[in-house]
Amino acid sequence: MKLILTEKPSVAKNIADALNIKTKKDGYFEGNGYIITWAFGHLLELYDAKDYDPKMKTWRMEYFPFIPSNFQYKVKGDFGAKKQLQIIRQLIQRPDIEMIISACDYDREGQLIGDTIIYRMKPAKPVFRMLQNEWTQEEVLKGLRNLIPNTNLRPLLDAGICRQWADWVIGINLTSVTTLKYQKGSGSALNIGRVLLPTLKIIYDRDKEIENFVPENYFKLEATFQTCDGGMYEGTYHEKGEEKFKDRQTLEQIRQSLADPQARKARIIDKTVERKKEYPPYLFNLTNLQGYITGKYKGWTSDKVLKVAQSLYEKKYITYPRTASVVLEESLEDKAKKVLETLKKGLPYEEEIVFAKKKRVFDNSKVESHSAIIPTYVKPSSLSKDEAIVYDAIKNRFIMQFMPLAEHEETKIVTKMEHADVHGIFITKGRVQLVEGWRKVENIESKDTILPNVSLHEEVEIVDHELTSHVTKPPKHHTEKTLLKVMETCGKGIGSGEQESEEIMANVLSGFSIGTPATRAETIKKLKTVGYITTKNKYLMCTELGRRLVETFPVKELFDLEFTGRLEKTLADIEKQKFHRDRFLQFIFDFTKKAVHIIQQEEEIILNKVEKKTFEPLGKCPLCGNPVIEGQKGFGCSNWKSGCKFVIWKNDKFLASMKKKPTKTMVKQLLKNGKVLVKGLTSKKGNKFDAILRYEKHPDQDLFSWKMEFPDAHKG
């Protein structure tokens with residue numbers, strides 16, 4: 001028998017289905033020469049500091065730095081993890097098991113999960129590795145035919161261990177001493193992390209850039225020209241290559257000279273028409289997929305995109321999503337062709353979809369570990385709304401690669417005034433879409449600017465002109481889309497205007513980044529959770545706590561994109577056996593000791609002072625007579641600590657059923673008069689009505705319920 005360990009139960013089920021195994025037992029599948037069991041992600045976790053030394057249950061400055069001489073793992077606290085680990089142990093020890101196969105995700109974390117579980121059991125049997133990019137039956141069977149010794153993946157495990165131990169040492173030590181130094185019991189812990197702080201700094205820098213932005217006025221001169229046959233077009237005045245003028249007077253003199261009828265004559269001195277090809281955007285990697293979805297759909301976060309993509313992967317509908325590549329391995333040409341033939345059937349532009357071996361799609365030199373995300377040949381029978389959004393984006397992006405190129409025509413007209421005093425020129429640009437091509441897939445509209453047919457040296461006349469004033473605008477706050485792009489490349493190449501420049505691609509391939517595709521979404525989510533950033537619509541901004549942390553925390557290397565990028569690159573180099581894990585860990589330990597010492601020497605400043613809030617009394621509690629005040633989730637009695645249960649919840653279900661929420665004014669009137677007239681309630685049929693509401697106590701309990709009656713106008 002061969003024992004397969006997967007990262008999740010859903011993957012074990014996929015392998016069982018591929019092997020036609022129907023028998024499921026407690027914690028594993030068995031049949032046809034295989035036993036397939038599973039973890040629930042990390043069944044083991046690193047010891048807490050207090051597990052090494054009981055005194056570490058209490059944080060005291062003199063206890064740090066704390067770096068274990070020997071890192072140890074323990075079973076996760078929940079019963080399910082302990083039970084499943086025991087099942088795995090019993091299966092490994094079964095005498096009929098001849099080999100163990102790790103089928104955890106093919107990345108650092110997957111290698112770490114599988115190896116920490118398997119080698120904890122000290123198996124006397126050979127361990128092999130199954131490397132999968134998708135879980136379709138065809139690929140599972142292929143993977144089982146192409147197993148490799150698990151020892152070949154030791155560099156991947158080393159990188160995973162380095163990442164895990166480094167984050168533990170930096171996190172435990174710097175979170176503890178920073179909290180002791182800058183919180184002094186005034187609030188929750190100040191989370192410090194290797195990836196957390198540089199990401200916070202990116203948002204902080206943009207906030208400061210906006211805050212320090214000084215708007216400047218500039219001016220433009222626009223003119224409308226008429227051709228001899230009545231055609232009209234507009235042009236913008238340029239002089240020495242500039243169209244935006246800080247000095248209004250320069251343009252004002254030209255505008256005044258155009259008032260002379262003799263000065264309105266102009267001539268076309270240049271006309272160029274250029275046909276341009278438009279390539280489709282590259283296939284998705286995880287960062288681009290997250291950016292696309294969060295930018296297009298309201299309410300989506302990068303964390304949500306990853307979770308939905310992971311679900312589609314485990315259901316066999318897409319390939320491995322946690323990838324940094326935007327192209328496919330060349331060995332996947334036949335598979336891609338098969339997928340394309342499956343997906344294109346029945347599409348209105350089916351005849352235009354033609355498979356081809358394109359370097360822009362298939363390129364080994366631009367693939368790092370995993371290829372880009374594409375659909376598999378398994379077509380979904382039913383998807384949730386969220387799953388459909390992510391799946392369709394991936395499917396459409398794949399199909400676009402094999403559609404005709406889009407083409408458009410760009411026209412540039414240069415018009416010069418005949419008037420001797422006007423030295424500059426007017427430039428006009430037009431654009432006409434000629435071939436829709438891949439744009440058809442998502443009905444991407446082009447903004448055409450159609451110009452009249454004019455000839456070189458043709459005489460035209462100005463029929464209107466306008467001098468307009470403008471103000472420079474500050475940059476926008478980061479969104480998850482723009483933040484992810486900076487994290488992916490450590491800011492290299494950002495703002496170059498080339499989405500896939502060679503410099504950006506080189507940084508992605510080398511591993512020079514902040515975090516990995518798998519961890520960036522979690523980092524953004526954690527920044528929100530710990531209160532360092534907040535969101536307004538789709539924009540990310542520092543909170544006051546986040547700003548003060550950046551300005552106060554003395555270990556400036558942890559804010560430095562270059563420093564963090566080099567750490568991530570070193571982890572990538574460990575995977576490639578270009579750097580030894582012990583050297584990396586020693587650097588992390590030395591850095592942490594130095595950082596702890598720096599913080600210990602700093603002046604004590606409370607970063608997150610808890611100020612006593614004053615609450616406006618809205619009326620007397622009908623149960624105990626104490627003031628009723630507004631809280632985060634409801635309007636309740638201020639005597640709640642002593643057990644008073646009076647509250648009107650802000651998400652009250654009765655009011656919500658009529659599309660209403662309680663307001664401060666409404667609660668005041670209710671407490672004062674015992675009733676309140678509420679206007680604009682909505683019935684189940686969608687009709688609007690007014691009603692008088694009472695909030696009455698149950699005769700036998702301290703519970704309240706709503707009573708409704710109608711004003712005279714509504715009776716009957």
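Taking the Cα centre of each part, how many Å lie between region 16-74 and region 268-307? Answer, in whole Å: 40.
Based on C-alpha pairs under 8 angstrom that are at least 6 apart in sequence, the chain has a relative contact order of 14 percent. Ordering 58, 119, 46 by the projection of their Cα atoms onto the charge dipole of region 20-141, which places +1 on the Cβ of Lys and Arg and -1 on the Cβ of Asp and Glu, puts 58 at the extreme positive end.
Each residue was assigned an accessible area with a 1.4 Å probe, and for residue 580 the value is about 110 Å². Computed from the Cβ-Cβ distance with R0 of 35 Å, the FRET efficiency linking residue 138 to residue 72 stands at 0.25. Sparse packing (at most 14 other Cβ atoms within 10 Å of the Cβ) combined with a DSSP loop state is found for the following trypsin sites (Lys or Arg not before Pro) in region 1-88: 22, 60.
Accessible area per residue for region 1-43, computed on protein heavy atoms with a 1.4 Å probe, is 39 Å².
Taking trypsin sites (Lys or Arg not before Pro) across region 543-603, the ones in a DSSP loop with at most 13 further Cβ atoms lying within 10 angstrom of their Cβ are 576, 578. Across the accessible surface of the chain, with the other protein chains kept in place and a 1.4 Å probe, carbon and sulfur atoms take up 49 percent. Amide H contacts for residue 238 (H built 1.01 Å from N in the peptide plane; partners 5 or more residues away or on another chain; cut-off under 5 Å): 425, 426, 427. Per-residue ellipticity at 222 nm computed for the chain from its helices equals -10500 deg cm²/dmol, with DSSP H segments shorter than 4 residues left out and the rest contributing -39,500 (n - 2.57).
Charged side chains reduced to their Cβ positions (Lys and Arg at +1, Asp and Glu at -1) give the chain a dipole of some 3680 debye around its Cα centre. Think of a 1.4 Å ball rolled over the protein heavy atoms: region 312-364 then has 46 Å² of accessible area per residue. A simple spin-label model places the labels of residue 119 and residue 307 3.3 nm from each other, with each point 7 Å out along Cα-to-Cβ.
Exceedance of the 28 Å cut-off in Cα-Cα distance is limited, within the set 307/359; 684/707; 208/481, to 307/359.
Considering only beta bridges that DSSP places wholly inside region 44-193, some 60 percent are antiparallel.
A 1.4 Å probe run over region 152-241, with the rest of the protein chains in place, finds 38 Å² accessible per residue. Relative contact order, whole percent, for region 574-704 stands at 13, derived from Cα pairs under 8 Å and 6 or more residues apart.
You can think of it this way: the chain between residue 277 and residue 296 has 4.3 nm of extra reach, that is 0.36 nm per residue less the Cα-Cα gap. The order of the peptides 28-34, 519-525 by mean Cβ neighbours within 10 Å, most packed first, is 519-525, 28-34. In this simple spin-label approximation, residue 624 and residue 212 carry label points 7 Å from Cα along the Cα→Cβ vector, and these lie 5.2 nm apart.
Evaluate the charge dipole of region 154-276 about its Cα centre and quote only its size in Debye, nearest 20, assuming +1 on the Cβ of each Lys and Arg and -1 on the Cβ of each Asp and Glu.
Dipole size: approximately 460 debye.
Taking a virtual spin label 7 Å from the Cα of residue 688 along the C-beta vector, which residues in region 646-676 bring their backbone nitrogen under 14 Å of it? Hits in region 646-676 for residue 688 at 14 Å: 659-660. Computed from the C-beta positions of residue 238 and residue 365, the FRET efficiency with R₀ = 45 Å rounds to 0.60. Separation of region 571-603 and region 614-667, taken as the distance between their Cα centroids, equals 52 angstrom. Answer with one residue from 651, 512, 589: the one whose Cα lies farthest towards the positive end of the charge dipole of the chain, charges on Cβ with Lys, Arg +1 and Asp, Glu -1. Looking along the dipole axis, the top candidate is 651.
Model label sites at residue 342 and residue 1, defined 7 Å from Cα along the beta-carbon direction, differ in position by 3.2 nm. Look at the alpha carbon pairs under 8 Å that are at least 6 residues apart: their mean separation over the length of region 246-383 gives a relative contact order of 29 percent.
Rounded to the nearest 20, the size of the Cβ-charge dipole of region 126-215 about its Cα centre is 360 debye, with Lys and Arg at +1 and Asp and Glu at -1.
Of 45, 480, which has the most accessible area with a 1.4 Å probe, and how do the rest follow in descending order?
Details: 45 65, 480 15 Å².
Ranking 45, 480 by accessible area, largest first, yields 45, 480.
Between the residues 417, 433, 399, the greatest Cα displacement towards the positive end of the dipole of region 395-452, with unit charges on the Cβ of Lys, Arg, Asp and Glu, is found for 399. On the beta carbon distance between residue 388 and residue 539, with R0 = 25 Å, the FRET formula returns roughly 0.40.
Put the Cα centre of region 121-192 next to the Cα centre of region 337-377 and the gap is 32 Å. For residue 24, the lysines whose Cα falls under 19 Å of its own Cα, not counting residues fewer than eight places away in the same chain, are 2, 8, 13, 83, 315.
The values are calculated or read from the model by the stated rules, or taken from the named source; none is laboratory data. Nothing here was measured: the structure is a model prediction, and the numbers come from that model. Note that each Cβ is placed from the backbone with ideal geometry, even for glycine, and that neighbours are counted across all protein chains shown. Surface accessibility is based on the protein's heavy atoms, side chains included, excluding ligands, DNA and RNA. Shrake-Rupley method; radii C 1.70, N 1.55, O 1.52, S 1.80 Å.
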